[in-house]
Amino acid sequence: MSDITLTAAVRSNLSTLQSTSNLISQTQERLSTGYKVNSALDNPNSFFTAESLNNRAGDLSNLQDDIGQGVSTLEAADKGISAISELVDAAKAKANQALQTDDAKERATYEKQFNELRTQITDLAKDSGYKGKNLLAGTGNDLEVKFNEDGSSNLNISAVDYTDLENGDMKISGLTESDKGSSASLTLTGATDGSTTLESLAAFEATDTLEIDVNGTKATLTISSETTVDDLVGFLDDNLDSTVTYDGTTGISVEEGYENFSFTYTNNGGGGADGAGVADKSVSDATSGSFQTDAGIEAAIGELNSANSTLRAQASTFGTNLSIVENRQDFTSEMIKTLEVGAGKLTLADMNKEGANLSALQTQQQLATSTLSLAAQASQSVLQLIR
């Protein structure tokens, strides 16, 4: 096109029109994308600086998710400790109830309830995990929370073991539960009236005695000619916290009970008429549980008090850790915003300014088009003179 001759006026106006069109295209792109720097060609320094800021903001955003999971893991452990504390308080209440009674059966019931609460404590500790991490389950559950991109800023949270109350970080010994003794029995001999039914103890010597020892407390029944089998059953029933029954012939049975007891029959008259007496007696002592003595109960209460102190201290530790992690979570959120705002300052377009620019450029384009037309008309005037 170099052989086409344009006047200076036409060439000047054409150049202005082309420049204005380019500026309009650039402005329209900024308005459509919202960025004044869309590529490295627009402004290399601003583009790559903004890329660096946005990349760091992205890395911190990924860390933010991990920090949030750390918060949830700590919250799960904290809720677990709160629930365990309630169970420990309930176990302590059972121990105090046992201390307020001397009844062997009631104490045995509290032993069982205490051990059930202890089992629930370990089960609850096992269930306090979050996404595979359980800060109450000991080895292998330590938690590391990273706060920056290279992991140089972090918090290591050590797990405790509350799933093993014998060997873990909190000691609550299991109680030995009271076992019921085998059923006791007395076989009586020497029926009256020649029958096989023993209705009275008249055949016994009037000086015969039956002694019963219940946990070291003794009671003695002296048999006289007026003593009946019902008297003997009543005597046993009064001194044993068990059900005593008579079979109507020669046997008296004592159901399983919680006391340690024994019988001692003494034939002071040579056996009595017809050889009457206690021909056979058998009883198996019950196993005495941990709560059958005040010392055993006090020992359990001591362990529970220590467990409460351990739980409070660990709750405080986890609370401090949670505060740190939440603080870093908030800080990271603000840092991400700062980085994104900084990148935006380098690359984001001022929409008001770009809108005003577009309006001005469109006016300039119209003016350039008009002046180009006028410049072309000057050449046409010369052509009119030639004609």
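Taking all protein chains into account, the per residue accessible area for the range 22-154 stands at 53 Å² (1.4 Å probe).
Of the cross-linked pairs K131/K171; K126/K337; K92/K146, those separated by over 32 Å at the C-alpha level are K126/K337; K92/K146. What the Cβ-Cβ distance of T266 and S173 gives, at R0 = 41 Å and to the nearest 0.05, is a FRET efficiency of 0.45. The label point for D65 and the one for D237, both projected 7 Å from the Cα toward the Cβ, are 7.5 nm apart. Restricting the calculation to alpha carbons of the range 68-157 gives Rg and Dmax of 18.8, 66 angstrom. Among the lysines, which have Cα under 26 Å from the Cα of K218 when same-chain residues fewer than 8 positions away are ignored? By straight Cα distance, K218 reaches K105, K180, K281. For the range 109-183, the pair-distance distribution built from all alpha carbon pairs, in bins 5 Å wide starting at 0, is 3, 14, 18, 15, 14, 10, 8, 6, 4, 3, 2, 1, 1, 1, 0 percent. Potential lengthening of the chain between T287 and A299 amounts to 2.4 nm, from the contour at 0.36 nm per residue minus the alpha-carbon distance.
The values are calculated or read from the model by the stated rules, or taken from the named source; none is laboratory data. Treat the numbers as computed from the prediction; the structure is a model and nothing was measured. Here Cβ is always computed from backbone atoms with ideal geometry, including for glycine, and neighbour counts include all displayed protein chains. Note: accessible area is taken over every heavy atom of the protein model, side chains too, but ligands, DNA and RNA are not part of it. Shrake-Rupley method; radii C 1.70, N 1.55, O 1.52, S 1.80 Å.
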